[in-house]
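The values are calculated or read from the model by the stated rules, or taken from the named source; none is laboratory data. The structure presented is a predicted model; accordingly, all values stated were derived computationally and were not measured. Quick reminder, even Gly has a Cβ in these numbers, built from the backbone with ideal geometry, and neighbours come from all protein chains shown.
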Amino acid sequence: MSAPRRPPMSDLITEVFRKAELLETALSESVKRGRALADAERAYRVALAKKTFLLREEGQPATLIDNMAKGDEHVADLRFARDCAEADYDSAREAILCYKKEIDIIREQISREWERA
């Protein structure tokens, strides 16, 4: 049985640059998604505060206000949007970590190849 075929050094270097481009895209996307998350969080918090205030003004029992406010359809929709924006942001952050790890692995492989040369 023969040894596994190693990719040429130029292929490894090209792959590092390709992953670096993907990393740059993920970083840009992370910024966009982070801002979208912040906007969604702000909209949710403002709507929740307004609904809480209205329920207090109506004389609702203090122990029920939080659940009633969060159960309001508009507030719940904003919370859902916030949660979705958070998932989007987290996925962009995970992509960044994956691309960084892949680049590190390829760099280690390049380093091993240089040691053999």
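Filter the stretch 8-31 for residues that are out of contact with any Lys or Arg (no Cβ under 8 Å at 6 or more places or on another chain) and of a type in the set (Val, Ile, Thr) and give the result.
Matches in the stretch 8-31: ILE13, THR14, THR25, VAL31.
Rundown of residues vs (1) surrounded by 13 or more Cβ atoms within 10 Å (Cβ to Cβ); (2) touching a residue at least 12 places away in the same chain (Cβ under 8 Å); (3) under 26 Å from the mean Cα position of the chain (by Cα), yes/no style:
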site	(1), (2), (3)
TYR44	yes, yes, yes
LEU54	yes, no, no
LYS70	yes, yes, yes
VAL75	yes, yes, yes
ARG79	yes, yes, yes
ASP90	yes, no, yes
ARG93	yes, yes, yes
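One residue is enough: does the stretch 14-37 have a residue meeting the conditions of a type outside the set (Ser, Thr, Tyr), over 23 Å from the mean Cα position of the chain (by Cα) and in a helix (DSSP H, G or I)? Before you say what the answer is, go through the steps one by one.
Here is the first cut: in the stretch 14-37, the ones of a type outside the set (Ser, Thr, Tyr) are 15-24, 26-27, 29, 31-37.
Now narrow it down to the ones that are over 23 Å from the mean Cα position of the chain (by Cα): 15.
If we keep only those that are in a helix (DSSP H, G or I) too, we end up with 15.
Within the stretch 14-37, one or more residues are of a type outside the set (Ser, Thr, Tyr), over 23 Å from the mean Cα position of the chain (by Cα) and in a helix (DSSP H, G or I).
Based on this model, can you work out whether ARG116 counts as surrounded by fewer than 14 Cβ atoms within 10 Å (Cβ to Cβ), of a type in the set (Lys, Arg), modelled with pLDDT of 95 or more and over 28 Å from THR25 (Cα atoms)?
When the stated conditions are applied, ARG116 does not pass them.
Looking at LYS70, LYS100, can you tell me which residue is in a helix (DSSP H, G or I), under 30 Å from LYS19 (Cβ atoms), of a type in the set (D, E, K, R) and at pLDDT 95 or above?
Details: LYS70 fails: under 30 Å from LYS19 (Cβ atoms).
So the residue among LYS70, LYS100 that is in a helix (DSSP H, G or I), under 30 Å from LYS19 (Cβ atoms), of a type in the set (D, E, K, R) and at pLDDT 95 or above is LYS100.
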